[in-house]
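The block underneath contains the structure these notes are about, expressed in structure tokens.
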Amino acid sequence: MKEYFVHETAILDEGCEIGGNTRIWHFSHVMAGARIGRNCVVGQNVMIGSGVVLGDNVKIQNNVSVYAGVTCEDDVFLGPSMVFTNVLNPRAFIERKSEFRKTLVKRGATIGANATVVCGHTIGEYAMIGAGAVVTTDVPDFALVVGNPARQSGWVSERGCRLQFNGDGVAVCPESLEKYRLVEGKVIKVCGDES
């Protein structure tokens, strides 16, 4: 008995792995060799390519193609119609599968609707990519990037709230009240009694 849900219109190729309590919706296709973790939601009309790895609790909205070479760690959100690429200079008449570049989306990151992530980059932990952004470089942990090409416009907490750092380089998430510190251009979550 399978421990996940697959809509009757979805296609799962033999040889893919699906974790427990994952839900795969209408007209989606999971190719052989793809690995999907537990408690994931795969929206309508999603394609997950061979060799793709999705961690636990990943949410993929409608009309997203996750091509070979992409890894998404736990708790990643992929917004509606966002796009991954896997070749830097594609041509219809030249076979370049040997040139696929890997893309890593780290734990808790969000990629907004209609954003494009050019292959070969890392999206940092809890980073937020704004809707319609075109990512052409690595994105730091907790960074907020927007535009085309995507440029950093601030920092966000684990909950996705904008962080406002004081003169001492400390910010508090307005939602969770957790503290963050900005040190040498990097954001670090402050744990326990650390200040």
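Ordering 20-29, 163-172, 146-155 by mean Cβ neighbour count within 10 Å, with the highest value first, yields 20-29, 146-155, 163-172.
Kirkwood hydrodynamic radius, computed over distinct alpha-carbon pairs, for the stretch 22-106: how many Å, to one decimal? Write down the numbers at each step before the final one.
Details: mean 1/r = 0.0771 Å⁻¹.
Kirkwood hydrodynamic radius for the stretch 22-106: 13.0 Å.
Estimated from the Cβ-Cβ distance and a Förster radius of 35 angstrom, the FRET efficiency linking LYS2 and ALA131 is about 0.50. Annotation for the stretch 74-147: GluC sites (Glu not before Pro) lying in DSSP loop with at most 14 further Cβ atoms inside 10 Å of their Cβ are GLU95. In µm²/s, what is D for the stretch 1-70 at 20 °C and 1.002 mPa s, where D = kT/(6 pi eta Rh) by Stokes-Einstein and Rh is the Kirkwood radius from Cα pairs? Here the translational diffusion coefficient equals 188 µm²/s. Shape class for the stretch 151-195: oblate, because the ratio a/c of the largest to smallest gyration tensor axis (alpha-carbon atoms, square roots of eigenvalues) is 1.5 or more and b/c is at least a/b. For the stretch 165-186 and the stretch 76-130, what is the separation of their C-alpha centers, rounded to whole Å? Centre-to-centre (Cα) distance: 28 Å.
With the convex hull constructed from alpha-carbon coordinates only, the stretch 5-157 shows a mean projected area of 8.4 nm² over all directions. Its Cα gyration tensor gives the stretch 84-195 an equivalent ellipsoid; the semi-axes, largest first and in whole Å, are 32, 13, 11.
Laboratory data are not the source of any read-out in this text; all were calculated from the coordinates shown. Worth saying up front: this structure is predicted, and the values here are computed from it rather than measured. Cβ atoms come from the backbone with ideal geometry, glycine included; neighbour counts cover every protein chain shown.
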